[in-house]
Amino acid sequence: MTPADSTRRVILTATCFAEAEAMLALAEGLAAEAGAMLQGVLVEDADSVALAVAGAARIVDPAGRPVAGLDPARMGAAYARDAARFERMLAEAATRTALTWGFRRARGRLAGALTGLAAPGDLLVLPAGLLRSPLREIVLAAGADPDLAPLAAAAAARIRRPLRQLAAPTVAGAPWTGLGPGSVLFSHVEAHNLAALLGATRCIHVLRA
């Protein structure tokens, strides 16, 4: 079975438009390579929503100075703006590459929201940590599904970055050696370990569902 046969959707998952924009080229290329649908999901983070409802959240500038309070109405409006921009960006990308596409919003914690959205054969593209660095490498975890290897190799060639293989540690055991901002890790993880994986790493993930 080839990657094109086995990949149903590439699900680009983000909690804000900036995250989606930073990962779009990667997800778009994967969908084109695999002949898959490009699906966007904007997750409204449950913790941020709870803080806004409690009146405990504040917006700060890069220097840490408070800018404004954040209430549920403002947060809802911000998510609506990000959703509109995300959906428009997907439509433009799909037009460029003749991909089928879709978009939806979800609410909850990132790992939990994805558990209910992903189906066997899907590829999840999602961030762990802030996306402030350009892509610098593609990393293939040992033990990943065999059809991830050609997709990882194609991604490395497309963005002209090195491809390396990483021994697969356990999330609670050995560290994910050398991974950090700018790394893209291709791997497989069980749904019950997804939250732990995202908490233990600071990179972009491409996960086989």
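The values are calculated or read from the model by the stated rules, or taken from the named source; none is laboratory data. Treat the numbers as computed from the prediction; the structure is a model and nothing was measured. Glycine also receives a Cβ, built like all others from the backbone with ideal geometry; neighbour counts cover every protein chain displayed.
Quick one: in the range 107-139, of everything that is aliphatic (A, V, I, L, M) and at pLDDT 90 or above, which residue is nearest to GLY199 (Cα to Cα)? Even if it seems obvious, please write down each step before you answer.
Quick first cut of the range 107-139, residues aliphatic (A, V, I, L, M) only: 110-111, 113-114, 117-119, 123-126, 128, 130-131, 135, 138-139.
Next, from what is left, pick out any that are at pLDDT 90 or above: 123-126, 135, 138-139.
Values: LEU123: 19, LEU124: 16, VAL125: 16, LEU126: 13, LEU135: 20, ILE138: 20, VAL139: 18 Å.
Across the range 107-139, the extreme among qualifying residues is LEU126.
Identify, please: which residue in the range 106-131 is among the charged types (D, E, K, R) and under 14 Å from the mean Cα position of the chain (by Cα) and is, among those, nearest to GLN39 (Cα to Cα)? Spell out how you get there, then give the answer.
Here is the first cut: in the range 106-131, the residues among the charged types (D, E, K, R) are 107, 109, 122.
Next, only the ones that are under 14 Å from the mean Cα position of the chain (by Cα) stay: 109, 122.
On the way: ARG109: 18, ASP122: 10 Å.
In this case the residue turns out to be ASP122.
Across the range 157-172, what is the number of residues that are closer than 19 Å to VAL189 by Cα, crowded, with 16+ Cβ neighbours inside 10 Å and at pLDDT 60 or above?
1
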